[in-house]
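Take a look at the structure below.
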Number of protein chains: 2
Amino acid sequence: MSFIPASVQSLVDQFARFPGIGKKTAQRLAFFVLKSNREDAALLAHAIMEVKTKILFCSVCGGITETDPCGICSDPKRNQNLICIVEEPADIFTFERANTFTGVYHVLGGVLSPLDGIGPDDLNIDRLLGRVKEGMEVILATNPSVEGDTTALYLGKLLKEKGVIVSRLARGLPVGGALEYTDDATLTRALEGRTTL
Amino acid sequence: MSFIPASVQSLVDQFARFPGIGKKTAQRLAFFVLKSNREDAALLAHAIMEVKTKILFCSVCGGITETDPCGICSDPKRNQNLICIVEEPADIFTFERANTFTGVYHVLGGVLSPLDGIGPDDLNIDRLLGRVKEGMEVILATNPSVEGDTTALYLGKLLKEKGVIVSRLARGLPVGGALEYTDDATLTRALEGRTTL
């Protein structure tokens, strides 16, 4: 589209690379930058570069942090014998937001996905096996997807061999959801996992 | 949320300022930057700053451009006696994408909106009145909203006094839309503006 100035088109292309951002949304974002004042644009550009400069991966859990080890791994109040295994660093923040988990985390950096060529060697598994000791508890909190379940099964087997207590997050009706709109797979799991009152 | 590193939170906050981007989407965007390599992040930051440096407003039409006057205003093949009036620079690209308009544009930079304190003096109207001459044709292409209609009515009156032929974009069923899902106001307009076969 030659009628869009090159620098604007270039910014639209950059935004369109983001997940879930289509061509029209990218254009809307680019025009917002265009309309915002120079200081605000500079703040955004600065924040982008600062994230790349300051953020590192925790050498213990693989989560993102500005200090190594991260604030959670180095917190003496957290239960170091309870490890929650998640796919991505962002998943840690989901747990922390809920403010109900008192253990520590371990980030896999993905899930097993043979179709995408991702095997056990591509995940942060060696370091996990180095962390766990007999009698510890591990919660497998990979996503409730085919790949997440496969990865959980694989890890569960490895971890049980090491004498670790392994669990997986419960499946069932989401709180606040409506029974009417629940899909078959979730309803089946909710029935299977019914709890006695 | 103290568990998110400050630099990441700062980037999330920056993204959340964009229109239509909520807190969760902003977090997803920030994590995408975090996961992308340093070069890609630098490209994005550079594109943001470049837009603010290179883009200026065309002194004739008020559209965005890297050269003044813009490519459309300075194109000898465009009909300079046919002016399409739009609210925002982005609207020009919508017309150009459709590739059906052969005249030139004029950007108002907004619409009349007394509730927001935007009156005629806040819009790019003086320069419009300086551009039009008797016998020229002007198409009012403000949005089909209350403010857009009010602005079109206001401008139409001013322009007719100058002996300009004034028209407004047609209202009716959107092409590809379904009659079943058409709202009452659109259907009324479609009936009023019916065309003989």
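What follows draws every value from the coordinates through simple rules; no lab data is involved. Just so you know, these numbers come straight off a predicted model, no measurement behind them. A quick note on method: Cβ atoms are made from the backbone with ideal geometry, for glycine too, and the neighbour counts reach across all protein chains shown.
In table form, for the structure just shown:
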quantity: Placed amide H near A:Arg168: partners under 5 Å, 5+ positions off or other chain; calculated: A:Leu140
quantity: B:Leu129 paired with A:Glu161, simple spin-label distance in nm, labels 7 Å along Cα-to-beta-carbon; calculated: 8.4
quantity: Rg and Dmax [Cα atoms of chain A; Å; Rg one decimal, Dmax integer]; calculated: 21.3, 66
quantity: For the stretch A:158-173, Karplus couplings with θ = phi - 60° (6.51, -1.76, 1.60), whole Hz, Gly/Pro x; calculated: 4, 6, 5, 4, 8, x, 9, 7, 10, 9, 10, 4, 5, 9, x, 5
quantity: Between 0 and 90°, nearest 10: helix A:23-35 axis offset from chain A longest Cα axis; calculated: 60
quantity: Max mean-square fluctuation residue, GNM over chain B, Cα-Cα springs under 10 Å, options B:Gly172, B:Gly20, B:Gly103; calculated: B:Gly20
quantity: Nitroxide proxy distance, nm - points 7 Å out along Cα→Cβ at A:Arg17 and B:Lys35; calculated: 1.4
quantity: Exposure proxy ranking, count of Cβ atoms within 10 Å, fewest first, for A:Ile118, A:Ile48, B:Ile139; calculated: A:Ile118, B:Ile139, A:Ile48
quantity: Fewest-first sequence of B:Glu134, B:Glu96 by Cβ atoms within 10 Å of each Cβ; calculated: B:Glu134, B:Glu96
quantity: Sum of side-chain charges, A:Thr195 neighbourhood, beta-carbon under 14 Å (Lys, Arg +1; Asp, Glu -1); calculated: +2
quantity: Segment B:Val146-B:Glu180, extension gain: residue separation times 0.36 nm, minus the distance between their alpha carbons; calculated: 9.8 nm
quantity: Diffusion coefficient, µm² s⁻¹, Stokes-Einstein with Kirkwood Rh over alpha-carbon pairs of the protein assembly as shown at 4 °C and 1.567 mPa s; calculated: 51
quantity: Where rotation carries A onto B, the chain A residue whose Cβ is nearest that axis, in whole Å; calculated: A:Ala45, 2
quantity: Between helix B:6-16 and chain B: long-axis angle, C-alpha atoms, 0 to 90°, nearest 10; calculated: 10
quantity: Position B:Arg171, label points 7 Å along Cα→Cβ, spacing to each other copy in nm (shortest first, one decimal); calculated: 5.1
quantity: Taking only Cα atoms of the stretch A:140-197, radius of gyration then Dmax in Å; calculated: 13.7, 43
quantity: Nearest-first distances (nm) between copies at A:Gly117, label 7 Å from Cα via Cβ; calculated: 5.8
quantity: Net charge over other residues, Cβ less than 12 angstrom from the Cβ of A:Asn81 (K, R count +1; D, E count -1); calculated: +1
quantity: Ascending list, in nanometres, of distances separating the B:Lys160 label from those of the other copies (7 Å, Cα toward Cβ); calculated: 8.3
quantity: Note, ³J(HN,Hα) from phi for the stretch A:112-123, Karplus 6.51, -1.76, 1.60, rounded to Hz, x at Gly and Pro; calculated: 4, 8, x, 5, 8, x, 9, x, x, 5, 8, 9
quantity: Sorted by Cβ density within 10 Å, fewest first, the residues A:Thr151, A:Thr196, B:Thr53; calculated: A:Thr196, B:Thr53, A:Thr151
quantity: Cα coordinate range in the stretch B:1-80, projected on the principal axes (Å, largest first); calculated: 58, 27, 17
quantity: DSSP bridge pairs, chain A: antiparallel proportion in percent, nearest 5; calculated: 20
quantity: A:Lys54-A:Lys77 pseudo-label distance in nm [points 7 Å out on the Cα-to-Cβ vector]; calculated: 2.3
quantity: Helical mean residue ellipticity (222 nm; -39500 (n - 2.57) per DSSP H run of 4+; nearest 500) of chain B; calculated: -13000 deg cm²/dmol
quantity: Rg followed by Dmax, in Å, when the stretch A:96-197 is reduced to its Cα trace; calculated: 15.7, 45
quantity: In chain B, lysine pairs with alpha-carbon atoms under 18 angstrom apart (chain gap of 8 or more, or interchain); calculated: 4
quantity: Principal-axis tilt of helix B:89-98 within chain B, Cα atoms, nearest 10 degrees; calculated: 70
quantity: Residues in the stretch A:52-67 reached by a label modelled at B:Phe3 [backbone nitrogen below 19 Å; 7 Å Cα→Cβ]; calculated: A:56-67
quantity: Among B:Asp116, B:Asp126, B:Asp75: highest mean-square fluctuation, GNM of chain B, C-alpha pairs under 10 Å; calculated: B:Asp116
quantity: Residue-by-residue Karplus 3J(HN,Hα) for the stretch B:79-86, coefficients 6.51, -1.76, 1.60, Hz, glycine and proline x; calculated: 6, 6, 9, 10, 10, 9, 9, 10
